[in-house]
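Q: The structure's right below; bear with me while I get my questions together.
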Amino acid sequence: MTSVFPLAVLLCLSSGLLAAYDAPSCPTGWTQFGSRCFSFNIGPKSWPDAETFCQTAGGHLASIHSNEEHIFIRNYIKGVSGSYRHSWIGGTDAVQEGTWLWSDGSKMTYKSWNAGEPNNAGGAENCLEMNWGGENWNDGACTNQLPFVCSKNLKLERRTLYLPGFFRVLQEHFLQCGAA
């Protein structure tokens, strides 16, 4: 006699695995774009202090990996502040002049430098500000006090799944198998 029990167990477990995670969402005060959350902070800070602030919030100064992200962050800053404000994002060449890195450790594959930038004017511009000239990037002095954009990855919320009657059915099935 063929039992449908293995199929029932598979269906219960499959639906349980799918239902065990809620759709990811950003914390209050953060805005989602793609698989990350962003927060614009108008209170000006130096680049190092802004990065520390973002790390305390579970992220880093924002890294930008596509033109779509660049446009989103520009528009996000304008939507919150009313203008395309000069703002810190996570790029720096403080480790080695001319080698730009993101503070979150990701590779800098997308760039949107303003014409003639980065130029390390005065030999002391090692941090990346966006919206220079209202649009692109500039290397600025890390001690400048600017608003800034933090980013962090979305996190899945795991929930405990309750399957009413599942263990009773499982127990009854094994008791029946043992009695046979």
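The values are calculated or read from the model by the stated rules, or taken from the named source; none is laboratory data. Remember, it's a predicted structure, so these values are computed and weren't measured experimentally. Neighbour counts run over all protein chains shown; Cβ positions are idealised from the backbone, glycine included.
Q: Residues in segment 87-119 that are farther than 20 Å from residue 151 by Cβ and free of Cβ contacts under 8 Å to residues at least 24 places away in the same chain: how many?
A: Selection size over segment 87-119: 8.
Q: Mind checking which strands (runs of 3 or more DSSP E) fall wholly inside segment 30-98 and carry at least 3 residues that are crowded, with 19+ Cβ neighbours inside 10 Å and in contact with an Asp or Glu (Cβ under 8 Å, 6 or more places away or on another chain)?
A: Ranges flagged: 87-92.
Q: Consider residue 144 against the criteria (1) out of contact with any strand residue (DSSP E or B) (no Cβ under 8 Å at 6 or more places or on another chain); (2) of a type in the set (S, T, N, Q); (3) part of a loop (DSSP other than H, G, I, E, B): it satisfies all of them except one. Which criterion is unmet?
A: Of the numbered conditions (1) out of contact with any strand residue (DSSP E or B) (no Cβ under 8 Å at 6 or more places or on another chain); (2) of a type in the set (S, T, N, Q); (3) part of a loop (DSSP other than H, G, I, E, B), the odd one out for residue 144 is (1).
Q: Which one is surrounded by the fewest Cβ atoms within 10 Å (Cβ to Cβ) among residues in segment 100-116 that are part of a strand (DSSP E or B) and within 20 Å of the chain's Cα centre (by Cα)?
A: Looking at residues that are part of a strand (DSSP E or B) and within 20 Å of the chain's Cα centre (by Cα), I get 101.
Q: Kindly list the number of the only condition in (1) within 24 Å of residue 155 (Cα to Cα); (2) in contact with a helix residue (DSSP H, G or I) (Cβ under 8 Å, 6 or more places away or on another chain); (3) without any contact (Cβ under 8 Å) to a residue 60 or more places away in the chain; (4) not acidic (Asp, Glu) that fails for residue 131.
A: (1)
Q: List the number of the failed condition for residue 17; all other conditions in (1) of a type outside the set (Lys, Arg); (2) farther than 23 Å from residue 95 by Cβ; (3) at pLDDT 70 or above hold.
A: Answer for residue 17: the failing condition is (3).
Q: Taking into account only those residues within segment 147-180 that are of a type in the set (A, V, I, L, M, F, W, C) and at pLDDT 55 or above, which is surrounded by the most Cβ atoms within 10 Å (Cβ to Cβ)?
A: Of everything passing the filter in segment 147-180, 148 is surrounded by the most Cβ atoms within 10 Å (Cβ to Cβ).
Q: Same structure, new question: Which residue, of 126, 131, 144, 119, is of a type in the set (S, T, N, Q), at pLDDT 90 or above, surrounded by 11 or more Cβ atoms within 10 Å (Cβ to Cβ) and closer than 23 Å to residue 68 by Cα?
A: Checking each option against the conditions leaves just 131.
Q: Condition test on residue 2, is it at pLDDT below 95, assigned by TED's automatic domain parsing to the domain that holds residue 147 and more than 30 Å from residue 125 (Cα to Cα)?
A: no
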